[in-house]
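The structure's right below; bear with me while I get my questions together.
The values are calculated or read from the model by the stated rules, or taken from the named source; none is laboratory data. These figures come from a predicted structure and were not determined experimentally. Glycine also receives a Cβ, built like all others from the backbone with ideal geometry; neighbour counts cover every protein chain displayed.
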Ligand code: GLU
């Protein structure tokens with residue numbers, strides 16, 4: 001169902017409630033099956049929220065339709081079930097929320113913070129920093145990529161595990177894409193809008209996303225959203241020294257081996273051991289014992305994972 005004027009305020013603002021609650025999330029993209037690295041993120045985000053008596057939600061980040069991998073959405077749901085992770089609100093799917101993202105682009109357009117860009121990949125070549133070629137061209141938005149303007153300003157945040165992290169987006173990246181020419185909404189926009197609309201307060205995710213954070217903070221500031229607290233977890237590596245990822249063909253999580261895998265994920269996070277039991281009881285024990293200061297620091301977890 002398409003919404004014509006989607007409400008762009010999170011539920012707590014409507015209720016006049018001022019985000020008292022710690023609200024965390026697990027936001028997988030169905031671009032491949034979940035792997036051990038995804039489990040680490042799910043466990044850490046869950047325990048971190050629940051240890052603060054907060055809430056935890058699941059969101060499926062499926063805006064990049066061409067990259068969706070067959071059956072991976074099903075695998076995500078099957079794993080959540082087998083590992084007995086329960087989202088505190090109904091799971092949302094970003095592909096059903098395109099109108100929210102379009103409305104936010106429209107808000108930004110009215111403030112002249114975004115513009116249409118006709119540069120093709122061929123024109124841009126290997127230059128990773130966009131120099132603003134189309135900034136002043138005033139192109140029609142139809143069937144063009146949409147970029148957001150950045151400024152020559154250093155953005156810093158204090159990561160709970162990685163310490164201070166900074167970027168000057170103009171020097172490091174240039175104006176970045178919020179919507180592709182093929183109409184696909186970029187992850188950076190969708191994640192910022194949904195974290196806000198769902199009232200997320202704490203982001204816990206893999207350190208591979210550390211460098212995306214300043215872009216998200218920048219967008220959040222342009223939109224007047226409150227700043228979030230970030231924790232980027234060290235990444236589990238394979239025997240080739242590469243991070244576990246869909247691209248490196250990390251082994252899919254086996255829902256039939258949930259308790260064992262959960263025990264390993266809790267251990268990989270440096271937490272006190274939990275007794276082998278039903279996933280529900282193991283998660284409850286992990287929450288009761290949760291200590292952020294035990295999580296290994298750095299961007300890689302020592303040990304070899306599959
Ligand atoms: N959807 C992203 C992924 O699967 C994670 C987004 C996030 O946690 O901000 O890599």
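Look at the stretch 275-296 and say how many of its residues are over 21 Å from residue 161 (Cβ atoms) and assigned to a loop (DSSP other than H, G, I, E, B).
4
Would you pick out the residues in the stretch 26-45 that are more than 8 Å from the ligand (Cβ to nearest atom) and assigned to a loop (DSSP other than H, G, I, E, B)?
Those that are more than 8 Å from the ligand (Cβ to nearest atom) and assigned to a loop (DSSP other than H, G, I, E, B): 30, 32, 33, 34, 35.
If you don't mind, there's one more thing I want to ask. I need a count of the residues in the stretch 107-132 that are surrounded by 14 or more Cβ atoms within 10 Å (Cβ to Cβ), out of contact with any helix residue (DSSP H, G or I) (no Cβ under 6 Å at 6 or more places or on another chain) and over 13 Å from residue 181 (Cβ atoms).
Count: 6.
So residue 30 fits all but one of (1) closer than 24 Å to residue 183 by Cβ; (2) at pLDDT 95 or above; (3) surrounded by fewer than 23 Cβ atoms within 10 Å (Cβ to Cβ); what number is the exception?
Going through (1) closer than 24 Å to residue 183 by Cβ; (2) at pLDDT 95 or above; (3) surrounded by fewer than 23 Cβ atoms within 10 Å (Cβ to Cβ) one by one, residue 30 breaks only (3).
Hey, another quick one. Quick one: would you say residue 250 is within 15 Å of the ligand (Cβ to nearest atom), modelled with pLDDT under 95, crowded, with 20+ Cβ neighbours inside 10 Å and assigned to a loop (DSSP other than H, G, I, E, B)?
Yes.
I need the full set of residues from the stretch 57-78 which are over 28 Å from residue 102 (Cβ atoms) and either buried (at least 22 other Cβ atoms within 10 Å of the Cβ) or in contact with a helix residue (DSSP H, G or I) (Cβ under 9 Å, 6 or more places away or on another chain) (or both), in order please.
75, 78
While we're on this one: Considering each residue of the stretch 73-93, count those that are assigned to a helix (DSSP H, G or I) and closer than 21 Å to residue 194 by Cα, and give that number.
4
Between residues in the stretch 177-190 that are over 10 Å from residue 116 (Cα atoms) and residues that are away from the ligand (no atom under 15 Å from the Cβ) and in a loop (DSSP other than H, G, I, E, B), which pairs lie under 7 Å by C-beta distance while being six or more apart or on different chains?
Between residues of the stretch 177-190 that are over 10 Å from residue 116 (Cα atoms) and residues that are away from the ligand (no atom under 15 Å from the Cβ) and in a loop (DSSP other than H, G, I, E, B), the close pairs are 186/180.
Just give me the residues in the stretch 206-235 being buried (at least 20 other Cβ atoms within 10 Å of the Cβ) and more than 14 Å from the ligand (Cβ to nearest atom), in sequence order.
218, 234
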